[in-house]
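S.K.: Let me give you the structure first, and then I'll get to my questions.
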Amino acid sequence: MIVNPEIERYLDSLLPARDAVLQEMEEQAGKRDIPIIGPAVGRVLAQLVMISKAKRIFELGSAIGYSTIWLARAAGPGAEVHYSDSSPENAREARSYFERAGVAHLVQVHLGDALASLAATTGEFDFIFNDVNKEGYPTVLEAVPARLKPGGLFVTDNTLWHERVLNPRHESDHAVIGFDRKLYESTQFFSTIVPIRDGISISVKLS
Ligand SMILES: C[S@@+](CC[C@H](N)C(=O)[O-])C[C@H]1O[C@@H](n2cnc3c(N)ncnc32)[C@H](O)[C@@H]1O
């Protein structure tokens, strides 16, 4: 818990019920330990997509597609949302959820390394969401600027990494700290980390 647990519980108590598909995904994630963003962060992603009117979106690390559904629903008709994950089982499950959630026509599924999938696409994106393995964050930060349009948003989950940024011991802890520092120092982005759930960084590409 990054914030006071009572505040976290209070914020969770305000969350409106999700539809049957998202609820089932949340239950599955809980039972099977799938690290999804959850509804509080899902709403932040959706808000950022709505505010920025993003239509062309790439997600790095999508698992069973929970965050993809939040992105696709917020982007709405005409959107092009790219799902990427290295697990064929995850991709199969995600496809079935996309059908049931009514967003399959908006989503393109990429199987394999997320950055290789990004490299295999062409053109600039309005919004890139990063949720891959934490050791991969520094490489993601190198690859993303060239693929975002000016004014585009780059959002990353787990940037406070279960408080491990305060007492780093593992490679993933150091990777997240290095990522956070470079993000704030970057002249290509204007960034803020919002301490909601496990911390999300929100970066605007400046030029
Ligand atoms: C934290 S989960 C993603 C959760 C998802 N964003 C959500 O909130 O619903 C991370 C996922 O990224 C995948 N992954 C991690 N590193 C990856 C990489 N370099 N390339 C492709 N997939 C990766 C893992 O298989 C895992 O399913």
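S.K.: Could you pull the accessible area for Phe190 with a 1.4 Å probe, rounded to 10 Å²?
M.R.: Its accessible surface works out to 140 Å², give or take rounding.
S.K.: How large a share of the accessible area of the chain, in percent, is made up of carbon and sulfur atoms when the probe is 1.4 Å and the other protein chains stay in place? It would help to have the intermediate numbers written out before the result.
M.R.: Details: 5460 of 10040 Å².
Within the chain, the accessible surface is 54 percent carbon and sulfur.
S.K.: Reachable lysines from Lys182, Cα under 26 Å, same-chain residues fewer than 8 places away excluded?
M.R.: Lys134, Lys149, Lys205
S.K.: Determine the percent antiparallel among the DSSP beta bridges restricted to the chain, to the nearest 5. Intermediate values should be presented prior to the final figure.
M.R.: On the way: 11 of 28 bridges.
Approximately 40 percent, going by the DSSP bridge assignments.
S.K.: From the mean inverse distance of alpha carbon pairs (Kirkwood) and the Cα radius of gyration, derive Rg over Rh for segment 78-173.
M.R.: On the way: Rg = 14.9 Å, Rh = 14.9 Å.
Using Cα coordinates only, the ratio equals 1.00.
S.K.: Can you give the convex hull volume per residue for the Cα atoms of the chain, as a whole number of Å³?
M.R.: On the way: hull volume 24.5 nm³, N = 207.
In the chain, the Cα convex hull volume per residue is 118 Å³.
S.K.: Here is a further query. Under 15 Å Cα to Cα from Lys55, which aspartates and glutamates show up? Leave out anything in the same chain fewer than 8 places away.
M.R.: Answer for Lys55, where 15 Å is the Cα cut-off: Glu80, Glu124, Asp126, listed by chain and number.
S.K.: Just the number please: accessible area per residue for segment 5-205, 1.4 Å probe, all protein chains included, in Å².
M.R.: Accessible area per residue: 47 Å².
S.K.: Given charges of +1 on the Cβ of Lys and Arg and -1 on the Cβ of Asp and Glu, with all other atoms neutral, how large is the dipole of segment 5-205 about its Cα centre, in debye to the nearest 20? Each step should come with its number before you reach the end.
M.R.: Values: 21 positive and 27 negative charges, 110 e Å.
Result for segment 5-205 is approximately 520 debye, rounded to the nearest 20.
The values are calculated or read from the model by the stated rules, or taken from the named source; none is laboratory data. What you see is a predicted model, and the numbers here were worked out from it, not measured in a lab. So basically every Cβ, Gly included, is an ideal-geometry build from the backbone, and we count neighbours across all protein chains shown. SASA here: full protein model, heavy atoms, side chains in, ligands and nucleic acids out. Shrake-Rupley method; radii C 1.70, N 1.55, O 1.52, S 1.80 Å.
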